[in-house]
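Student: Structure incoming, see below.
Please treat every number below as a calculation from the coordinates, not as lab data. Keep in mind the model is a prediction, meaning the values are calculated, not measured. FYI the Cβ positions are ideal-geometry reconstructions off the backbone, even for glycines, and counts take in every protein chain you see.
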């Protein structure tokens, strides 16, 4: 987990305002991906997962890191709920199917009615090769977003 720090920043009137910032080990990027989420019934102990067909275009804009993502959805999720995620990243068409745990969730009163619930999801046991591919994708998105001026640090 990252450590929290406090810093001072000037607000629009020039007054100093204290802000807290959570430091993460990895950069987060905003990315448009194809995403499908399915709630896992842990009681059923289902081993098999039939990966769904995903469209070849983005369906969600997410805040993405190698550890998880934040997304908006039409339905609320409960904290600690386990979800099956199927994701396709563009333009590479990299597909990752994995499980994630809901670490935080809530409702955004300012969001569209169809996607007003948010959830912070933490990947569970993401395979090493998929994790490396995801890191590479995030680095590519960051370079494109910032014109190559960003260096990602592990």
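Student: What is the fewest-to-most order of 118, 90, 77 by other Cβ atoms lying within 10 Å of their Cβ? Working shown, then result.
Tutor: Numbers: 118 18, 90 15, 77 23.
Ordered from fewest to most neighbouring Cβ atoms within 10 Å, 118, 90, 77 come out as 90, 118, 77.
Student: By the gyration tensor of its Cα atoms, with a ≥ b ≥ c the square roots of the eigenvalues, what is the shape of segment 66-130: rounded for a/c under 1.5, prolate for a/b over b/c, or oblate?
Tutor: Because a/c hits 1.5 or more and a/b fails to exceed b/c, segment 66-130 counts as oblate.
Student: Once the convex hull of the C-alpha atoms of segment 26-145 is built, how many Å³ does it hold per residue, rounded to a whole number?
Tutor: Numbers: hull volume 13.6 nm³, N = 120.
Each residue corresponds to 114 Å³ of Cα convex hull volume.
Student: Could you put 93, 70 in order, starting from the residue whose Cβ has the fewest other Cβ atoms within 10 Å?
Tutor: 93, 70
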